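To start, the structure under review is shown below, and the notes come after it.
The values are calculated or read from the model by the stated rules, or taken from the named source; none is laboratory data. Quick caveat, the model's predicted, so the values are computed rather than measured. Positions of Cβ are generated from backbone atoms using ideal geometry, with glycine treated the same way; all protein chains shown enter the neighbour counts. These area figures cover heavy atoms from the full protein model, side chains too; ligands, DNA and RNA do not enter into them. Shrake-Rupley method; radii C 1.70, N 1.55, O 1.52, S 1.80 Å.
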Amino acid sequence: MNEGFDTVWGVATATGRRSGNEDSYLADAPVFVVADGMGGHEAGEVASAIVVQEFEDLRGRGSVEPEDLFDRIERGAARIRALPAPPGRGAGTTLAGVALGTRGGAPYWLVVNIGDSRVYRAADGVLEQVTVDHSEVQELVDAGELTPTQADDYPRRHVVTRAVGAFAQVRPELWMLPAGPRDRMLICSDGLTGELSDAVIADLLQTSGSPQRSADALVAAALANGGHDNVTVVVVDGRGLDDDDRTIPSIAEVDDDTFPREELDPMAGAKS
Ligand code: MG
């Protein structure tokens, strides 16, 4: 349990210029997830809904463990793989989320990711991207073959290298961040980050007020900038005792608090 610490949140989603909305979300303490489905013939919509549905039984829990998240991702993946699909068009989905956990009696954000939906943390006006995309374009940037500016125009920038269901293996990544009442967490599909720069996202997160107003403002801005893709935004604020003395560590500094990924990846080395 996290005595004296909880969350308030807001959600917004829009279809944009697409014919249907293949994003799904669940936002109910202590679990907040966004999934962006892929695959033809409505398969993406079904896939994202399936993985999100797996998280529903975590609603109302006082605290969540990493294994709780991995179990549900794995169950969702199995159900998605079992869907009928035309050859080569298997359904899959991204999954990015934040859940409230506890370490040593202190509240922690458990951040999980597969694919190119994202989690950001805004704390004291500083926005940091927590997750790292599992995408072809991110791999090219990491390899030094593309600059971040070139990446914005890369034609295959929507190609993901990990997903729930589309590949035999499920390889989620996990981060653990100390949680505080000055934290505002953002979970979003790539329909947001494809339209808005981090600077614009940071500004809207900081100036728009409540989590719901903030989510609405972000989605409205993405639509105003073109709305080429489905866009889904969940904004979660930590709420609790004043912690003005707390020094908020940057994402890079909390690596010691981040579980070894291999250790907690239940599918590491496994074949299915
Ligand atoms: Mg998308």
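Looking at the structure I just gave you, is THR149 assigned to a strand (DSSP E or B) and of a type in the set (Ser, Thr, Tyr)? So THR149 does not fit the description; no. Please verify whether region 105-113 includes one or more residues that are within 16 Å of the ligand (Cβ to nearest atom) and either polar (S, T, N, Q) or in contact with a strand residue (DSSP E or B) (Cβ under 8 Å, 6 or more places away or on another chain) (or both). Yes, that holds for at least one residue.
Tell me, which residue of region 140-159 that is away from the ligand (no atom under 15 Å from the Cβ) and of a type in the set (Val, Ile, Thr) is nearest to LEU69 (Cα to Cα)? Quick ask: steps written out before the conclusion?
Here is the first cut: in region 140-159, the ones away from the ligand (no atom under 15 Å from the Cβ) are 140-155.
Pick out the ones that are also of a type in the set (Val, Ile, Thr) and you get 141, 147, 149.
Working: VAL141: 29, THR147: 33, THR149: 34 Å.
Top of the filtered list is VAL141.
The C-beta contact set for region 227-239 (first residue among the charged types (D, E, K, R), second residue open to solvent by less than 10 Å² (accessible area, probe 1.4 Å) and within 16 Å of the ligand (Cβ to nearest atom), distance under 7 angstrom, 6+ apart or interchain) comprises ASP229/GLY191. Do the conditions hold for LEU177, that is, is it hydrophobic (A, V, I, L, M, F, W, C) and within 16 Å of the ligand (Cβ to nearest atom)? No; evaluated as a whole, the condition is false for this residue.
So, in region 7-34, how many residues would count as being within 13 Å of the ligand (Cβ to nearest atom) and open to solvent by 10 Å² or more (accessible area, probe 1.4 Å)?
Step one: of region 7-34, the residues within 13 Å of the ligand (Cβ to nearest atom) are 13-18, 20-25, 34.
Then keep just the ones that are open to solvent by 10 Å² or more (accessible area, probe 1.4 Å); that gives 13-18, 20-25.
Summing the residues that are within 13 Å of the ligand (Cβ to nearest atom) and open to solvent by 10 Å² or more (accessible area, probe 1.4 Å) in region 7-34 gives 12.
So, PRO107, is that one closer than 19 Å to THR193 by Cβ and modelled with pLDDT under 95 or not? So PRO107 does not fit the description; no. For region 114-139, the set of residues classified as more than 19 Å from ALA215 (Cβ to Cβ), assigned to a strand (DSSP E or B) and either open to solvent by less than 40 Å² (accessible area, probe 1.4 Å) or within 16 Å of the ligand (Cβ to nearest atom) (or both) consists of ILE114, SER135, listed by residue number. With respect to the conditions (1) closer than 21 Å to LEU174 by Cβ; (2) open to solvent by 70 Å² or more (accessible area, probe 1.4 Å); (3) part of a loop (DSSP other than H, G, I, E, B), PRO84 lacks only one, and its number is (1). One residue stands out among those in region 35-49 that are open to solvent by 50 Å² or more (accessible area, probe 1.4 Å) and out of contact with any strand residue (DSSP E or B) (no Cβ under 9 Å at 6 or more places or on another chain): the one that is farthest from the ligand (Cβ to nearest atom), which is HIS41.
Within region 58-72, is even one residue within 16 Å of the ligand (Cβ to nearest atom) and closer than 24 Å to ARG239 by Cα?
no
Annotation: of all residues in region 183-219 being buried (at least 19 other Cβ atoms within 10 Å of the Cβ) and of a type in the set (Asp, Glu), the one that is nearest to the chain's Cα centre (by Cα) is ASP190.
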